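The structure under discussion appears below in the form of structure tokens.
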Amino acid sequence: MSDPVRKQLEAHPLVPVVGEIIKIVEETPDVKTFHVTTEHGKPFTPMPGQLAMLSLLPVGEAMFSITTQGEDHLEFSIKKTGMLTDALHEAEVGQKVGIRGPYGNGFPVDFCKGKNMLFIGGGIGLAPVRSMIYHCINNRDEYGKMQIIYGARSPQDLVFKEDLFENWPKVSDCEVNVTVDRGDDRWDGHVGFVPQFIEELGPKPENTVAIICGPPIMIKFTLPIMEKLGFTDEQIITTLEMRMKCGIGKCGRCNIGSCYVCLDGPVFSLAQLKNMPNEY
């Protein structure tokens, strides 16, 4: 983080710094990846799994996962779901945006060291997981075997296609498995839902950490499969980033019992989630 940006964010944590969109990548018909920087370079250096607040005047602001980062920019993969995201999808390179962060605890990179990594993503849920995948790739000697299992509704809905089919399969000791709910005439890959695909593949739980992110219905049916395969609650990590609101635990909209997702999460183990009140 550059010194001027750091000082501004520390002095005024709720006031965004001015960023600029320097590149836009169309992932799917309704998902785009935005590369954002500031006049001083990358606004901050997040840990994998952390988030940032993006704002666009006069529309509003919202919390988004940081999918990965470059030397001088952060990347946000955003799906069209409402007024702000619709406006961002209409933006062009050069558009000014507000940015503040980073927020959340991020994935437990130290806990995962020396272990095999199983990444399970569904739809846009691969976006936050992607940050940890690249962390493991960039620090390849610190982590064991990598396996990526990812699914989307259709071939057109697959995000990060270049990563899935070109970049990640070339990584040492990294297996990439992709499925779609419904194929088409050009799709020659696996067809089926993610939970059933996991059961078919049968990943081994020994010395493995599983990071899961996707639609709630996917996670609901994935967890019993993971238990059947022998994964313990402590081995399963997920993120509740959709509950992140203000980012600093002041608005109270993210609390689950005495837990504030903004401060205590959004990354939790399944063991931690099971100790939370039934409201979640």
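crowded, with 22+ Cβ neighbours inside 10 Å and touching an Asp or Glu at 6+ places or on another chain (Cβ under 6 Å), is that true of VAL129? Spell out how you get there, then give the answer.
Details: crowded, with 22+ Cβ neighbours inside 10 Å: yes; touching an Asp or Glu at 6+ places or on another chain (Cβ under 6 Å): no.
For VAL129, the condition - crowded, with 22+ Cβ neighbours inside 10 Å and touching an Asp or Glu at 6+ places or on another chain (Cβ under 6 Å) - is not met.
Could you please let me know if CYS262 is in contact (Cβ under 8 Å) with a residue 40 or more places away in the chain and not assigned by TED's automatic domain parsing to the domain that holds ILE124?
yes
Looking only at residues in region 67-125 that are among the charged types (D, E, K, R) and within 22 Å of PRO215 (Cα to Cα), which one is nearest to the chain's Cα centre (by Cα)?
First pass over region 67-125, keeping only residues among the charged types (D, E, K, R): 71-72, 75, 79-80, 86, 90, 92, 96, 100, 110, 113, 115.
Pick out the ones that are also within 22 Å of PRO215 (Cα to Cα) and you get 75, 79-80, 86.
Working: GLU75: 11, LYS79: 12, LYS80: 16, ASP86: 20 Å.
The qualifying residue nearest to the chain's Cα centre (by Cα) is GLU75.
Quick check, is ILE212 among the β-branched types (Val, Ile, Thr) and touching a residue at least 24 places away in the same chain (Cβ under 8 Å)?
Working: among the β-branched types (Val, Ile, Thr): yes; touching a residue at least 24 places away in the same chain (Cβ under 8 Å): yes.
Yes, satisfied.
Could you run through region 22-44 and say how many residues are part of a loop (DSSP other than H, G, I, E, B) and out of contact with any strand residue (DSSP E or B) (no Cβ under 7 Å at 6 or more places or on another chain)?
Number satisfying all stated conditions: 3.
Within the set of pairs 6+ apart or on separate chains, which have a first residue in region 34-53 that is surrounded by fewer than 21 Cβ atoms within 10 Å (Cβ to Cβ), a second that is among the basic types (Lys, Arg), and C-beta atoms under 6 Å apart?
HIS35/LYS23
Quick one: how many residues across region 126-163 are closer than 20 Å to PRO203 by Cα and either hydroxyl-bearing (Ser, Thr, Tyr) or modelled with pLDDT under 95 (or both)?
2
For residues in region 230-280 being assigned to a strand (DSSP E or B) and in contact with a helix residue (DSSP H, G or I) (Cβ under 8 Å, 6 or more places away or on another chain), which is nearest to GLY202 (Cα to Cα)? Break it down stepwise before answering.
Keep residues of region 230-280 that are assigned to a strand (DSSP E or B), which gives 236-239, 255-256, 259-260, 267-269.
Next, from what is left, pick out any that are in contact with a helix residue (DSSP H, G or I) (Cβ under 8 Å, 6 or more places away or on another chain): 236-239, 255-256, 269.
On the way: ILE236: 15, ILE237: 18, THR238: 19, THR239: 23, ASN255: 35, ILE256: 33, SER269: 21 Å.
That would be ILE236.
I'm checking my understanding of the structure. Among residues of region 85-126 that are among the polar types (S, T, N, Q) and farther than 22 Å from ILE24 by Cβ, which one is surrounded by the fewest Cβ atoms within 10 Å (Cβ to Cβ)? Spell out the reasoning first.
Let us first name the residues in region 85-126 that are among the polar types (S, T, N, Q), namely 85, 95, 105, 116.
Filter once more, so that each one left must be farther than 22 Å from ILE24 by Cβ: 105, 116.
Working: ASN105: 17, ASN116: 19.
Of everything passing the filter in region 85-126, ASN105 is surrounded by the fewest Cβ atoms within 10 Å (Cβ to Cβ).
Filter region 55-84 for residues that are within 11 Å of GLY101 (Cβ to Cβ) and out of contact with any Pro (no Cβ under 8 Å at 6 or more places or on another chain); which is surrounded by the most Cβ atoms within 10 Å (Cβ to Cβ)?
PHE64
Identify all residues within region 200-214 that are out of contact with any Cys (no Cβ under 6 Å at 6 or more places or on another chain) and surrounded by 15 or more Cβ atoms within 10 Å (Cβ to Cβ); write none if there are none. Give the steps one after another, and end with the answer.
Just the residues of region 200-214 that are out of contact with any Cys (no Cβ under 6 Å at 6 or more places or on another chain), to begin with: 200-208, 210-214.
Within region 200-214, LEU201, PRO203, PRO205, THR208, ALA210, ILE211, ILE212, CYS213, GLY214 qualify.
Give me the residue from region 166-187 that is at pLDDT 95 or above and among the acidic types (Asp, Glu) and, out of that set, nearest to GLY144 (Cα to Cα).
Only one residue fits best here, namely ASP173.
Exactly one of these conditions fails for GLU175: (1) of a type in the set (Asp, Glu); (2) within 16 Å of GLU26 (Cβ to Cβ); (3) in contact (Cβ under 8 Å) with a residue 24 or more places away in the chain; (4) out of contact with any Gly (no Cβ under 8 Å at 6 or more places or on another chain). Give me its number.
Condition not satisfied by GLU175: (2).
Across region 226-250, which residue is modelled with the highest pLDDT among those that are among the aliphatic types (A, V, I, L, M) and over 15 Å from GLY121 (Cβ atoms)?
Taking the candidates together, the pick is LEU229.
The values are calculated or read from the model by the stated rules, or taken from the named source; none is laboratory data. Every value quoted in this text rests on a predicted model; they were computed, and no experiment measured them. No Cβ is skipped: glycine too gets one built from the backbone with ideal geometry, and neighbour counts run over all protein chains shown.
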